[in-house]
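J.: Below you'll find the structure I mean.
Nothing in this text is a laboratory measurement; each read-out follows from the coordinates by a stated rule. Quick caveat: nothing in here was measured; it's all calculated off a predicted structure. In this analysis, Cβ positions are derived from the backbone assuming ideal geometry, glycine residues included, and neighbour counts consider all displayed protein chains.
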């Protein structure tokens, strides 16, 4: 076979990056929240396993985590070639928007570091612009999306014809909400609205949301709100996610690192139980095909038939795509006990 540029580039993406490791921190992009009993964002166990492995490798103060380190080292699933190309494409889209900010005269800074000491959370704001109308600085977080799932954020073609957008992803709201709460809201030179900008790499569609963090007068918690901004305006919506909830979940991961700490439970399921499938059915959250299959199976069971269709199988993508999946599940997708 002749030399291939694309294979050469693919191999390059997998090469290790050299340099000394800095003290491990938790990340805004891996934030977790619990709203009405539902988990949003990253799995706390996933956060813990990454954080524990990095801390053990960084400092002898975490020698008690050797068993966790060995477990993670032996069972981590490396990123796929596909994932590496997706990550690079996302970086390019972000840089594309930064370049446009510079060309259009509103660029101020990029990759702005933030650090929340009490919870050891560090991240980088994509970039900051100066609003030419208000002359206030604004935080901008850029996310590239693609495929069918982009419709839930940007809206379907029919929705957009009616001037309707979708909703931002909860993980993105938590990330930019932390930035705005910690950095934007504490500086009078900054606008009280951050900008969460989406672009579809395949269709060229785009959408932007205003994101605010506001203190509720009744419970004194700081809620993350969002509002469609462009190409369509829409009502302001309370996500139900509070900064306090996010930080409390970071604290639970930190506590698990201490001697005697308990490894967090999984927040998601690779395969749902049939009880959960039934609950989804009752709530009308199964697809049309899955609904028909589930109803047919229920009817066959009620009629006492010996041959029945297979149960609907669904699970959380967070588990399916997790690099620590083999730690939590066996080869038959049954949960392991840690």
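J.: For an R0 of 30 angstrom, estimate the FRET efficiency from the Cβ-Cβ distance between residue 96 and residue 332 and round to the nearest 0.05.
T.: The pair residue 96/residue 332 has a calculated efficiency of 0.10.
J.: Could you sort 237-244, 38-45 so that the peptide with the highest average Cβ count within 10 Å comes first and the rest follow in order?
T.: By packing density, highest mean first, the sequence is 38-45, 237-244.
J.: Another question, if that's okay. Based on alpha-carbon atoms only, what is the radius of gyration of the range 207-322 relative to the globular estimate 2.2 N^0.38 Å? If you can, show how the numbers build up before the last one.
T.: Values: Rg = 21.1 Å, N = 116, 2.2 N^0.38 = 13.4 Å.
For the range 207-322, the normalised Cα radius of gyration is 1.57.
J.: Using helices alone, I'd like the mean residue ellipticity at 222 nm for the chain: each DSSP H run of four-plus residues gives -39500 (n - 2.57), total over residue count, nearest 500. Numbers along the way, then the final one.
T.: Details: 12 runs with 123 residues, N = 338.
Rounded to the nearest 500, it is -11000 deg cm²/dmol.
J.: Just one of (i) 23.3, 86; (ii) 25.5, 74; (iii) 22.4, 72 is Rg and Dmax of the Cα atoms in Å calculated from these coordinates, so which is it?
T.: (iii)
J.: What distance in nm separates the two pseudo spin-label positions at residue 276 and residue 296, each 7 Å out from Cα along the beta-carbon direction?
T.: Simple spin-label model gives 2.4 nm for this pair.
J.: Roughly how many whole Å is it from the C-alpha centroid of the range 60-78 to that of the range 27-58?
T.: One Cα centre to the other: 16 Å.
J.: Restricting to bridges with both residues inside the chain, how much of the DSSP beta-bridge set is antiparallel, in percent to the nearest 5? Could you put the intermediate results ahead of the total?
T.: On the way: 34 of 42 bridges.
Just about 80 percent of them are antiparallel.
J.: Tell me, what is the FRET efficiency for residue 3 and residue 88 to the nearest 0.05, using R0 = 22 angstrom and their Cβ-Cβ distance as r? Please list the in-between numbers first.
T.: Values: r = 21 Å, r/R0 = 0.95.
Once rounded, the FRET efficiency stands at 0.55.
J.: How long are the three semi-axes of the equivalent ellipsoid for the range 274-314, computed from the Cα gyration tensor as the root of 5 times each eigenvalue, in whole Å, largest first?
T.: For the range 274-314, the semi-axes come out at 18, 10, 9 Å.
J.: Compute the length gained on full extension between residue 305 and residue 321: take 0.36 nm times their separation in residues and subtract their Cα-Cα distance, giving the result in nm to one decimal. Present the calculation step by step, with values, prior to reporting the outcome.
T.: Values: separation 16, 0.36 × 16 = 5.76 nm, distance 3.67 nm.
The span from residue 305 to residue 321 would gain 2.1 nm if fully extended.
J.: Can I ask one more? For the peptides 178-187, 103-112, what is the packing order when you average, over each peptide's residues, the other Cβ atoms within 10 Å and list the highest mean first? Please report the intermediate quantities before stating the final value.
T.: On the way: 178-187: 20.1, 103-112: 13.0.
Going from most to least packed, we get 178-187, 103-112.
J.: Still on this structure, I have one more. Apply 1/(1 + (r/R0)^6) to the Cβ-Cβ distance of residue 109 and residue 233, taking R0 = 25 Å, and write down the FRET efficiency to the nearest 0.05.
T.: With R0 = 25 Å, the Cβ-Cβ based efficiency is 0.35.
J.: Here's something else I'd like to know. Whole angstrom only: what separates the Cα centroid of the range 175-205 from the Cα centroid of the range 279-338?
T.: With the range 175-205 and the range 279-338 each reduced to a Cα centre, they are spaced 37 Å.
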